[in-house]
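Notes follow the structure.
The values are calculated or read from the model by the stated rules, or taken from the named source; none is laboratory data. The model shown is predicted, which means the values in this text are computed figures rather than measured ones. Using ideal geometry, Cβ is built from the backbone for each residue, glycine included, and neighbour counts are taken over all protein chains shown.
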Amino acid sequence: MKFFILIILFSLFPIFLVESNASDDIEDLENTSMILINGSKYEEALVYVDKILEVEPENINALNNKGGIFIELGNFSSAVTTYDQLLSIDENNTQALNNKAIALSNLELYVQSLRAFYQSLLTDSTNENTINNTKSLIDKLYWIDETEKSFGIVKVYDENNDLTVYSRITQISIQPPLGYILLKTVGELKTIEINGEQHEALFYNGTISLQQNEFVSRGDMLLQINDLQIKVVEMLLNGFIGTTSDTIQYEVVILDPSF
């Protein structure tokens, strides 16, 4: 009987590993996502943006694009969350601040929105988009009447520095949060006691000189950022007659300021 021996021969071949270039992969993903975004295919674009973030979780462009996609999809809460993530990496990213403000505005969180616009303007006060968006938002904002729990005093001094008139500011209206930001910037926070209770109070003092005899009935305070002027505080005064030599000093006291 013949026995056949099966001999198995193994041939060894060198194995070559091809390394992919991660930066090239990211660039391809970015290009694909932008093509889809420009074609308004936002859900498809989001898939590619997320692939970028899997590799580079702190990719600023990808996070900005992801937030923008959420805005386009009407998912404003997710947009805010995404921009908060980006701003934790780059707190002065004006694109993220501007877009976060837009998302907040769509959620009707107008005060928070204006804070984001304001921070963006502090970083880049010439950004036309932010300026126009800020102006548009201010038209929607409510004002707070601080008259009941706060007060203002007007004093008029003549050319001899003698007090001639002493009266109240009858109404103080503030646009939040910019009115409070302005008052806190130029004023001072103090703790005062009223009827045995401690209150935090915001004090602001101002002086104006009359250029002609006039009846003063209202005073406006403007927040100025470069060429952008925003009326943020409005005071209705008891009317009085002044002369060209009169100096008007006024003090605004806001009790327990909220912003």
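Some notes on this structure:
- Being under 30 Å from E91 (Cα atoms), at pLDDT 90 or above and not basic (K, R) is a condition met by at least one residue of region 152-174.
- The number of residues in region 20-36 that are modelled with pLDDT of 90 or more and over 13 Å from A62 (Cα atoms) comes to 2.
- Residues being in contact with a Phe, Trp or Tyr (Cβ under 9 Å, 6 or more places away or on another chain) and surrounded by 11 or more Cβ atoms within 10 Å (Cβ to Cβ) - total across region 145-164: 6
- In region 140-150, the condition of being in a strand (DSSP E or B) and not aromatic (F, W, Y) is met by at least one residue.
- Note on region 34-74: residues that are closer than 15 Å to N99 by Cβ and either touching a residue at least 60 places away in the same chain (Cβ under 8 Å) or surrounded by fewer than 16 Cβ atoms within 10 Å (Cβ to Cβ) (or both) amount to 4.
- In region 238-247 there is no residue matching the filter, namely being at pLDDT 85 or above and not in a loop (DSSP other than H, G, I, E, B).
- Residue pairs whose Cβ atoms lie under 7 Å apart, sitting 6 or more positions apart in sequence or on different chains, and linking a residue in region 147-165 that is more than 30 Å from S258 (Cβ to Cβ) and free of Cβ contacts under 8 Å to residues at least 60 places away in the same chain to a partner that is part of a strand (DSSP E or B) and aromatic (F, W, Y), are L163/Y157.
- Subset of region 221-259 (residues that are of a type outside the set (S, T, Y) and free of Cβ contacts under 8 Å to residues at least 40 places away in the same chain): L222, Q224, D227, Q229, G239, I241
- Breaking point among (1) closer than 14 Å to S173 by Cα; (2) assigned to a strand (DSSP E or B), for P257: (2)
- Within region 99-121, the residues that satisfy the criterion of being crowded, with 20+ Cβ neighbours inside 10 Å and touching a Phe, Trp or Tyr at 6+ places or on another chain (Cβ under 7 Å) are N99, K100, A101, A103.
- Among the residues listed as S120, S113, S88, the single one being at pLDDT 95 or above, more than 22 Å from M34 (Cβ to Cβ), out of contact with any strand residue (DSSP E or B) (no Cβ under 7 Å at 6 or more places or on another chain) and outside the structural domain of T185 (by TED's automatic domain parsing): S88
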